[in-house]
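J.: Before I ask anything, let me first share the structure, which is written out below as structure tokens.
The values are calculated or read from the model by the stated rules, or taken from the named source; none is laboratory data. Quick caveat, the model's predicted, so the values are computed rather than measured. As a convention, Cβ positions derive from the backbone with ideal geometry for all residues, glycine included, and neighbour counts pool all protein chains shown.
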Amino acid sequence: MTKNRKQIVDETATTLYKRESDNNARVFSEMVQKVRPEIWVLMDILDNTGVDPFILLKIVRQINNIAMGTGYGQVVTAIEKGVVRYVRGEDVDKIELPVYKKRSELDIL
């Protein structure tokens, strides 16, 4: 079966679009790699792993919340059967005090 003129034009346009799209993605990646290498590393990791970038956004937001708060804490990510259930930032007060006071300190009170 021979292709009609419209099919040939459509295939050519699709091929050209794909080629230009691939070229634009390559140029963009090279530009980001030169201008913001830390962002390029994240893009590369996300592209290679397929992890949803929205998850990283939530983790980074929690890290920032802790840093802007007491500066101490942890970020917990719960994953169940391949689904992220939650990302929780726990901001804590660092006190580093012994549970029990020394006897001499209690006598003063």
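J.: In this structure, is residue 58 among the charged types (D, E, K, R), loosely packed, with under 11 Cβ neighbours inside 10 Å and either more than 15 Å from the chain's Cα centre (by Cα) or on the phi < 0 side of the Ramachandran plot (or both)?
T.: Values: among the charged types (D, E, K, R): yes; loosely packed, with under 11 Cβ neighbours inside 10 Å: no; either more than 15 Å from the chain's Cα centre (by Cα) or on the phi < 0 side of the Ramachandran plot (or both): yes.
The answer is no for residue 58.
J.: Related question: Considering only region 1-108, give the helices (runs of 4 or more DSSP H) lying wholly within it that have at least 1 residues that are out of contact with any Asp or Glu (no Cβ under 6 Å at 6 or more places or on another chain) and small (Gly, Ala, Ser).
T.: Those helices (runs of 4 or more DSSP H) span 5-35, 53-68, 103-108.
J.: The conditions are (1) surrounded by 12 or more Cβ atoms within 10 Å (Cβ to Cβ); (2) in contact with a helix residue (DSSP H, G or I) (Cβ under 8 Å, 6 or more places away or on another chain); (3) over 30 Å from residue 95 (Cα atoms), and residue 39 fails exactly one of them. Which is it?
T.: (1)
J.: Here's a follow-up. Any residue that is in contact with a helix residue (DSSP H, G or I) (Cβ under 8 Å, 6 or more places away or on another chain) and modelled with pLDDT under 95 - is there at least one of those in region 15-24? Working first, answer last.
T.: Start the filter on region 15-24 by keeping residues that are in contact with a helix residue (DSSP H, G or I) (Cβ under 8 Å, 6 or more places away or on another chain), which leaves none.
No, the conditions are met nowhere in region 15-24.
J.: Find all pairs meeting these conditions: Cβ atoms under 6 angstrom apart; at least six residues apart or on different chains; first residue within region 70-88 and of a type in the set (S, T, N, Q); second residue not in a strand (DSSP E or B).
T.: 70/93
J.: Report, ordered by the first and then the second residue, all pairs with beta carbons closer than 9 Å, sequence separation of six or more or different chains, a first member in region 38-56 that is modelled with pLDDT of 95 or more, and a second member that is among the polar types (S, T, N, Q) and not in a helix (DSSP H, G or I).
T.: What qualifies is 55/77.
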